[in-house]
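Novice: This is the structure I want to talk about, given as C-alpha cells.
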Amino acid sequence: MKKIIAIALALMLCVGVLSVSAFAAFDNVESLAVVGTGIPGVPEWKPEAPEGDMEMVSAGVYEKTLVMTAGTTMKFKVAGNDKWDDTCNFGSATIVLGEVAELTCSGGSSDMPFTAEKDMTIKIKVDLTGDVATILVTEVGAEPETPADPETPADPETPADPETPADPETPDEPAKLGNYYVTGGAAQDTNHDGSWLSNWNEKNVDGQMTDLGGGKYQKVFKNVPAGAYELKVNDGTWKKSWGDNGNNYYFSVEETCDVTVTFTLNGEEGTVSVTGAGVPGTADFSVISVVVLMVLAATTTVVLVTNKKKLF
C-alpha cells in the first residue's frame, strides 16, 4: 500500500513540474515595451523609455494601445525588462490585423512592420502564458461595431413569395403544340365552301393540334357554320394518317358552333372524335348527290344515300 501511495505522489509531482514549466517559459520577463521606429508617441529604439511600456492586463498578458494615421508605417519589436537581451527580444512575426502570430524570442529576431490603411486605433496584445509567445494586433472598436448580420432578420419578415401564388393560378397558358395536324374541308358533295378549314396540306398550321399529354391531342375550330365536313389526322408528312379505315372521317354540323377534334394515339392505333354543341352524337352520313327536279313549278329534292360511314 505504501508503495502505491509513493508512486501516486511521484506522478503528481511530475505533473506539477510539467505544469509549472509550461507556464514558466517566460517567467524571467517582468515587463514589456513596444520599441522601434514610426511608433506614435514613442522614442525610437529606446526600450527604457516609459512611453513604450505595455500594460500587464493579467499574468503573462500585456497590451499597448496606439493611435495611427492613415498611410503611416511602424517597424517594431517587443523588448522585455526595459532592455535588449537574447531572452527578451521578441520579433520576426508577420503582422496581419486580427490574426494571432508567433513571436521569435532571440537576439536575431527581425523587425515587424505594420501599415495603417486608414486612421485607426490599434491594440497590440502579447501573450507569454504558453510555451510560445504570441502577438495579436486588432482595431479597437472594430469587432463590437459590426453585429449587423444577426440583427437583420429581413428575410423571414418578408413572406411575399407565399402570398403571390400567381403561377399555379394561371393554367391558361397554351399547352405545347404536337406533331399532328387536322386536314380537311367541306364534304365534297355539298355546296358548302369549306372555309372552316379547307386545307389538305400535310403541315396545315391552322390545323396543328395541341399536345395534351398521355398520347392525346386536340384542336378546337371556332364558329364552324352548319354543313357537312370531312377530315383526317396526319403526322405532318402524310406517311401516317388516320381516317375511317383509310378513308376520310365524315361529320355534320347542324348549327354554327365550336368544333373540337380529339385524336388519341395508342402505339400505331389512333382514334378520332369530333364534338360540338351542333354536332350530332353518332349518325350514318354519306351524301353522293343532290338531284333537283322541277315539276310544275314545284321543287323536289331527292337525296341518295349509299356507303354509310360512322359519324364522329
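The values are calculated or read from the model by the stated rules, or taken from the named source; none is laboratory data. Fair warning: this is a prediction, and the values are worked out from it, not measured in the lab. Counting neighbours? That spans all protein chains shown, and the Cβs are built from the backbone with ideal geometry, glycine included. Areas reflect the complete protein model, heavy atoms only, side chains present, ligands, DNA and RNA absent. Shrake-Rupley method; radii C 1.70, N 1.55, O 1.52, S 1.80 Å.
Novice: Tell me the strands (runs of 3 or more DSSP E) entirely within region 45-135 that contain at least 3 residues that are among the aromatic types (Phe, Trp, Tyr). Can you show your working first?
Specialist: Numbers: elements: 55-58, 61-68, 73-80, 89-91, 100-102, 112-115, 120-127.
By residue number, no strands (runs of 3 or more DSSP E) qualify.
Novice: From 70, 79, 49, grab the single residue that is open to solvent by less than 20 Å² (accessible area, probe 1.4 Å), free of Cβ contacts under 8 Å to residues at least 60 places away in the same chain and more than 18 Å from residue 135 (Cα to Cα).
Specialist: Working: 70 fails: open to solvent by less than 20 Å² (accessible area, probe 1.4 Å); 79 fails: more than 18 Å from residue 135 (Cα to Cα).
Testing whether each residue is open to solvent by less than 20 Å² (accessible area, probe 1.4 Å), free of Cβ contacts under 8 Å to residues at least 60 places away in the same chain and more than 18 Å from residue 135 (Cα to Cα) leaves just 49.
Novice: Considering 272, 233, 220, which residue is within 15 Å of residue 182 (Cα to Cα), open to solvent by 50 Å² or more (accessible area, probe 1.4 Å) and under 52 Å from the mean Cα position of the chain (by Cα)?
Specialist: Details: 272 fails: open to solvent by 50 Å² or more (accessible area, probe 1.4 Å); 233 fails: open to solvent by 50 Å² or more (accessible area, probe 1.4 Å).
Unique residue meeting the criteria: 220.
Results for (1) small (Gly, Ala, Ser); (2) under 18 Å from residue 33 (Cα atoms); (3) at pLDDT 95 or above, shown as yes or no for each residue.
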{"position": "80", "(1), (2), (3)": "yes, yes, no"}
{"position": "109", "(1), (2), (3)": "yes, yes, no"}
{"position": "145", "(1), (2), (3)": "no, no, no"}
{"position": "154", "(1), (2), (3)": "yes, no, no"}
